[in-house]
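What follows is one structure encoded as structure tokens, with my remarks underneath.
The values are calculated or read from the model by the stated rules, or taken from the named source; none is laboratory data. The structure displayed is predicted, hence computed values, not measured ones. Virtual Cβ from ideal backbone geometry, glycine too; neighbours counted across all protein chains shown.
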Amino acid sequence: LETGEDRPSDGPARSGLTRRDVLTGAVALGVGAGLDHAISDRGSSSAKAPAAAVAVPFYGPHQAGIATPAQDYVNFAAFDLSTNSLADLRALLRTWSAAAASLTAGGTHEPHATTAAQPPQDTGEALGLGPAQLTITIGFGPGVFAAGRFGLIGHAPPELAELPPFPGERLDPARSGGDLAVQACANDPQVAFHAVHLLSRLAAGTARLRWSQLGFGRTSSTTKAQSTPRNLMGFKDGTDNIKAENATEMERYVWAQREDSVEWMSGGTYMVARRIRIRFDVWDATSLTGQEQTIGRNKLTGAPLSGSHEYDPVNLAAHGPAGQALIPNDAHIRIASPQNNGGQRLLRRGYSYSEGNDPATGRLDAGLFFIAFQRSPTRQFIPVQDRLAAFDALNRHTQHVSSAIFACPPGARAGGFIGEGVLS
Ligand code: HEM
């Protein structure tokens with residue numbers, strides 16, 4: 001397979017970001033999206049800094065890890081709160097935010113003086129690994145706003161309602177939901193692990209891990225500077241994604257606006273996470289043509305079946321000589337197309353996952369850990385997933401096995417904390 005065709009620009013290789021690439025991306029992001037999360041390069045005077053030396057600021061108008069060019073790894077964790085005290089919840093978010101700010105800058109978390117007789121405050125496994133573009137994105141689950149918990153029911157965003165059931169899904173409750181989410185993305189999996197390890201340790205007595213998910217090989221390009229990666233089905237994924245440089249689309253489809261519902265979410269966004277297992281036994285036995293008809297794109301080039309280059313527009317009306325739709329009626333990109341969903345779009349920022357195999361059958365337990373950010377799940381994820389669950393040819397090859405929804409508040413100002421607008 002020849003890869004790398006039709007790139008919108010000469011993007012950085014998957015793990016070989018150079019300082020120039022990153023700075024170029026930072027300028028594009030900073031100017032185009034009005035973000036404070038422009039990427040900075042700390043402590044290096046060489047023209048080509050290693051990717052490990054790249055830091056993404058934690059503080060800013062929006063949380064990092066959303067518009068940030070997708071890193072190579074995720075460590076995602078959902079927590080259950082074991083307290084009903086608003087003061088405890090506020091203290092946890094304050095502690096987490098301070099820790100996240102120092103970890104994302106490449107530092108350790110050591111707020112107090114310690115002695116050799118005490119356990120180390122920082123667990124230590126990321127020492128010397130650099131910031132590795134770590135981002136820590138925090139979200140609140142619907143339970144935080146439930147009646148009788150923290151007295152926050154009057155501040156609940158209507159967009160944060162539990163997702164409705166979808167036909168065909170087989171959700172594992174132990175791997176779904178949660179009161180708090182921590183999405184740690186980095187270009188080094190140990191740096192992402194360290195973030196979740198440390199934050200769960202800091203939560204002791206207030207919140208405990210409910211489920212977690214490791215992901216690798218970002219399955220979406222989220223900026224124009226990135227080349228489109230392949231998912232575990234071998235298809236380019238992210239071609240028609242929202243790109244973070246597109247400030248208009250980020251405002252229209254990703255960032256909650258002042259007029260939407262609750263003011264404290266303005267500049268935040270809603271995250272939907274779905275673990276989707278791929279049935280490789282069925283998929284791998286499907287002909288190349290069958291696979292391409294399932295997705296609606298050419299496997300090698302990523303071009304829509306109505307065109308010949310990756311970025312050719314998806315023409316749902318195109319027909320072949322025998323009158324057949326070039327993009328089949330049940331193709332994934334037809335059913336998911338904004339053209340069939342009132343123009344609504346999603347920022348997809350998922351990762352592949354692989355967790356061994358089913359001991360009884362030997363089949364791989366692997367697939368897509370789908371993560372999408374949006375301004376309104378009611379207008380975006382839910383109607384798209386309703387249609388996909390009913391009509392998508394991909395359903396023969398996939399099974400949704402876990403699900404969660406979180407409200408990710410706007411970013412914090414330096415010294416502040418995530419969720420300050422609602423918890424204070
Ligand atoms: C294992 C599950 C899935 C796989 C393997 C998969 C794969 C793909 C691929 C290969 C594309 C075409 C390239 C691109 O434009 O990015 C695509 C497009 C897309 N997918 Fe998925 N996808 C999956 C699940 C989902 C789910 C659950 C949703 C949302 C509910 C979704 C929404 C979309 C959207 C909105 C597009 C872009 C359509 C367009 O603008 O033309 N996908 N997906």
Checklist outcome for this item: Among Tyr311, Tyr353, the single one that is part of a loop (DSSP other than H, G, I, E, B), among the aromatic types (Phe, Trp, Tyr) and either within 14 Å of the ligand (Cβ to nearest atom) or modelled with pLDDT under 95 (or both) is Tyr311
Checklist entry - Within segment 163-185, is there a residue that is assigned to a strand (DSSP E or B), surrounded by fewer than 24 Cβ atoms within 10 Å (Cβ to Cβ) and hydroxyl-bearing (Ser, Thr, Tyr)? => result no
Checklist outcome for this item: Within segment 379-424, the residues that are at pLDDT 95 or above, more than 30 Å from Thr289 (Cβ to Cβ) and among the hydroxyl-bearing types (Ser, Thr, Tyr) are Ser402, Ser403
Next on the checklist: Which numbered condition in (1) more than 9 Å from the ligand (Cβ to nearest atom); (2) loosely packed, with under 15 Cβ neighbours inside 10 Å is the only one that Leu364 fails?
Outcome noted: (2)
Next on the checklist: Could you check segment 296-330 and list, in sequence order, the residues that are under 18 Å from Phe391 (Cα atoms) and in contact with a Phe, Trp or Tyr (Cβ under 7 Å, 6 or more places away or on another chain)?
Outcome noted: Arg297, Asp330
Next on the checklist: When you check Pro321 against the structure, is it within 13 Å of the ligand (Cβ to nearest atom) and not in a strand (DSSP E or B), yes or no?
Outcome noted: no
Next on the checklist: Can you list residue pairs whose Cβ atoms sit under 6 Å apart, with the first residue in segment 323-339 being farther than 20 Å from Ile382 by Cα and the second being of a type in the set (Gly, Ala, Ser) and more than 8 Å from the ligand (Cβ to nearest atom)? Count only pairs 6 or more apart in sequence or on different chains.
Outcome noted: Leu326/Ser306; Leu326/Ala318; Leu326/Gly320; Ile327/Ser306
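So in segment 252-278, with the set limited to residues that are away from the ligand (no atom under 16 Å from the Cβ) and under 17 Å from the mean Cα position of the chain (by Cα), which one is surrounded by the most Cβ atoms within 10 Å (Cβ to Cβ)?
So, considering only residues that are away from the ligand (no atom under 16 Å from the Cβ) and under 17 Å from the mean Cα position of the chain (by Cα), the one surrounded by the most Cβ atoms within 10 Å (Cβ to Cβ) is Gly268.
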Checklist entry - Which members of segment 208-233 meet the condition of being assigned to a loop (DSSP other than H, G, I, E, B), at pLDDT 95 or above and more than 9 Å from the ligand (Cβ to nearest atom)? => result none
